[in-house]
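Student: Attaching a single structure in structure tokens format; questions to follow.
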Amino acid sequence: KNFKFVSYLNILIGVIYILYRYFLKKIDPFGEAPYEVEVYLQYLHIFGAFIWVFFFGVIFNSHVLHKLKLSTEKKRKSGVYLIILSFLMVISGYLALIPVSWRGEVGIFHSVVSGLWVLIFFIHLGRLVREL
């Protein structure tokens, strides 16, 4: 329950952050400028990511390792994809915070990987499949 709640909350914050980061810009006398809320959304997303990583560790021990041992599990394939994407999402999220020249590309990579993670997460939970 906690992992799902933190995931939903961080997905929501991440989507709002992406909207402000890439699509919503205000015009000031010097051209396009980010909204002030963008920084706070990023901080909230990072804080939520730390909590998410903690709960990922908790469910990894109690849920993931157990389910990986069951070879007949239907959701095993999506679960393995989620593990791989989670690793890429965390690493790229961390690298996006480091002030280097390729930071923008890493941020876009993080957004794409995170989008795939969200899609597979809802498939894994069975919510997306029921709605289709």
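Student: Work out which trypsin sites (Lys or Arg not before Pro) in the chain are exposed loop sites (DSSP not H, G, I, E or B, at most 12 other Cβ within 10 Å) and give the longest gap free of them.
Tutor: 2-73
Student: Can you give the longest run of the chain that contains no GluC sites (Glu not before Pro) sitting in a DSSP loop with at most 13 other Cβ atoms inside 10 Å?
Tutor: 74-132
Student: With the chain treated as a Gaussian network of Cα nodes joined by springs under 10 Å, which of Gly79, Gly14, Gly57 yields the largest mean-square fluctuation?
Tutor: Checking each option, the largest mean-square fluctuation is seen for Gly57.
Student: Then there's this: For the chain, find the longest principal axis of its Cα atoms and tell me its angle to the long axis of helix 2-18, 0 to 90°, nearest 10.
Tutor: The helix 2-18 is inclined about 30 degrees to the chain.
Student: Pairs of Cα atoms under 8 Å, at least six residues apart: use those to get the relative contact order of the chain, whole percent.
Tutor: Working: 82 pairs, mean separation 26.3, N = 132.
Relative contact order comes out at 20 percent.
Student: If you don't mind, there's one more thing I want to ask. Express in nm, to one decimal, how much length is gained between Leu24 and Leu12 on full extension, taking 0.36 nm for each residue of separation and deducting their alpha carbon distance.
Tutor: The span from Leu24 to Leu12 would gain 2.7 nm if fully extended.
Student: Then there is this: If you filter region 1-62 for chymotrypsin sites (Phe, Trp or Tyr not before Pro), then keep DSSP loop positions with at most 12 other Cβ within 10 Å, what is left?
Tutor: Phe30
Student: What FRET efficiency, computed as 1/(1 + (r/R0)^6) with R0 = 41 Å and r the Cβ-Cβ distance, is obtained for Arg76 and Val39, rounded to the nearest 0.05?
Tutor: The value I calculate is 0.55.
Student: Tally Lys and Arg at +1 and Asp and Glu at -1 over the other residues with C-beta under 15 Å from the C-beta of Lys25: what net charge comes out?
Tutor: For residues surrounding Lys25, the net value is -2.
Student: While we're on this one: What share of all Cα pairs of region 7-132, in percent, falls into each consecutive 5 Å distance bin?
Tutor: Per 5 Å bin, starting at zero, the Cα-Cα P(r) for region 7-132 comes out as 2, 10, 16, 22, 18, 13, 9, 5, 3, 1, 1, 0, 0 percent.
Coordinate-derived values only; no laboratory data. Bear in mind the structure is a predicted one, so any value in this text is a computation, not a measurement. Cβ sites come from the backbone with ideal geometry, for glycine too, and all protein chains shown count toward neighbours.
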